[in-house]
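Rule-based calculations on the coordinates, nothing more; no lab input. Since we're looking at a predicted model, the values are computed, not measured. As a convention, Cβ positions derive from the backbone with ideal geometry for all residues, glycine included, and neighbour counts pool all protein chains shown.
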Amino acid sequence: MVEFQNGEIDPVKYGVLWQKVQDMDKKVDKMERQLEQLLELANKGKGGLWFGMTVASAVSGFVGFLLSHWKGN
C-alpha cells in the first residue's frame, strides 16, 4: 500500500500500485471478453438443443403416423 513519509506519497510505491491496478484492469477486460464468448457458445448450444428436439419430435410424429396408418389397413 502507498505510505506517507513526512506528509508525502512515496513515488516508487505509488508507481508499483499504479502498475498493479493497470494489470488488474487488463485481466478484468480479458475476463469480460471470455465471459461474452462463453455466453455466445451457451446460446448456440441452446439453439442446437431446441433444433434437435424439433427434428426428433417431427420424425417420431411421422413414424407414429405411418405406423398407425399401416396398422389401420
Open item on the list: For a test of understanding, tell me how many lysine pairs in the chain have Cα atoms under 30 Å apart, given they are 8 or more places apart or on different chains.
Closed with: 9
Open item on the list: Taking loop as defined by DSSP and a crowding limit of 12 other beta carbons within 10 Å, which trypsin sites (Lys or Arg not before Pro) in the stretch 1-65 fit?
Closed with: none
Task: Angle in degrees between helix 11-72 and the longest Cα principal axis of the chain, rounded to the nearest 10 - done: 0
Open item on the list: Ignoring everything except DSSP H segments at least 4 long, calculate the 222 nm mean residue ellipticity for the chain; use -39,500 (n - 2.57) per segment, divide by total residues, nearest 500.
Closed with: -32000 deg cm²/dmol
Task: Answer label, with percent of Cα pairs over 21 Å apart calculated from the coordinates and candidates (i) 14; (ii) 23; (iii) 66 - done: (iii)
Task: Gain in span if fully extended, Leu17 to Val63, counting 0.36 nm per residue against the direct Cα distance - done: 9.7 nm
TODO: Give me the number: length gained by fully extending Leu38 to Thr54, i.e. 0.36 nm times residue separation minus the C-alpha to C-alpha distance, one decimal in nm.
DONE: 3.3 nm
